[in-house]
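The structure appears right after this line, and notes come after that.
The values are calculated or read from the model by the stated rules, or taken from the named source; none is laboratory data. All values reported here derive from a predicted model rather than from experimental measurement. Note that each Cβ is placed from the backbone with ideal geometry, even for glycine, and that neighbours are counted across all protein chains shown. When the accessible area is computed, the model is the full protein with side chains, heavy atoms only, and any ligands, DNA or RNA have been set aside. Shrake-Rupley method; radii C 1.70, N 1.55, O 1.52, S 1.80 Å.
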Amino acid sequence: MIKAVVIDDEPAMQEVNSRLLKEYFPGVKLAGIGNSVGSGVELIKKEKPHLVLLDVELNEGTGFQILQQLKPYSFKVVFITGYDTYALKAIKFSALDYILKPVNEIEFQQAIQHAIDEINESENQQLQTGVLFESLQNENQGKKLVLKTMDSLHIVDASDILFCRSDNSYTTFHLADNEKIMVSRSIREYEELLSGHGFFRPHQSFLVNLNHVKKIDKSDGGFIIMKNKKEIPVSIRQKKRLIQMLENL
């Protein structure tokens with residue numbers, strides 16, 4: 001049986017997470033609840049859980065401080081966080097599992113089920129958490145992105161991404177070394193994640209790293225010519241904004 005703990009300083013959230021675990025995952029035993037950095041560390045050390053539902057924002061600190069005190073660890077973490085926080089963006093860069101407040105039952109089930117499926121992949125968890133801490137510590141520096149495929153976990157420097165191409169709900173990353181990585185996430189998610197790091201979406205099917213653009217060809221409606229000679233189409237409505245962004249690089 002999988003053993004889990006919940007660490008959250010809001011009684012209402014403690015109750016919600018406990019109830020949903022019991023309702024949807026009878027094979028998971030809730031071994032305890034913590035409400036602070038200190039009690040969380042103590043609880044995890046005592047119970048040695050397989051799964052930790054961890055609130056990011058605690059009254060006297062953060063969930064990240066708990067993880068820092070317990071490194072290295074082998075349990076699976078599912079973060080609980082609010083919208084539009086810097087922490088959420090770092091979690092997304094790391095491709096770690098999270099549940100947004102207020103908790104949606106379907107999203108809760110998906111996140112916990114995914115965590116259970118990966119409960120024995122502790123090596124991947126360590127890699128992803130390493131990227132998480134690096135993202136948190138280096139907000140304005142180069143970013144690393146975790147790309148998860150069916151059989152691999154890729155750690156990619158954002159600066160090495162030339163462009164991304166959309167294929168419905170899949171996104172293919174084209175890298176500087178000619179490697180291609182396809183992941184089952186939409187290009188819109190990566191547009192939101194990378195928009196502050198020199199990336200621009202000139203066309204609904206493409207997301208481009210502006211640092212790898214060689215020139216703009218204005219013929220035939222407009223194309224971006226990449227340094228690797230690939231041609232990326234530009235929609236009419238995005239052309240003016242693209243030129244403005246390139247002028248500001």
*Matching residues in segment 201-226 - criterion: being of a type outside the set (A, V, I, L, M) and under 28 Å from the mean Cα position of the chain (by Cα)*: Arg201, Pro202, His203, Gln204, Ser205, Phe206, Asn209, Asn211, His212
*strands (runs of 3 or more DSSP E) lying entirely in segment 147-238 (those with 3 or more residues that are open to solvent by less than 40 Å² (accessible area, probe 1.4 Å))*: 161-167, 170-175, 199-203, 206-209, 223-226
*Across segment 1-20, what is the number of residues that are surrounded by 17 or more Cβ atoms within 10 Å (Cβ to Cβ), more than 15 Å from Lys76 (Cβ to Cβ) and of a type outside the set (S, T, N, Q)?*
5
_Condition check for Glu23: open to solvent by 20 Å² or more (accessible area, probe 1.4 Å) and either of a type in the set (Ser, Thr, Tyr) or in contact with a strand residue (DSSP E or B) (Cβ under 8 Å, 6 or more places away or on another chain) (or both)_ = no
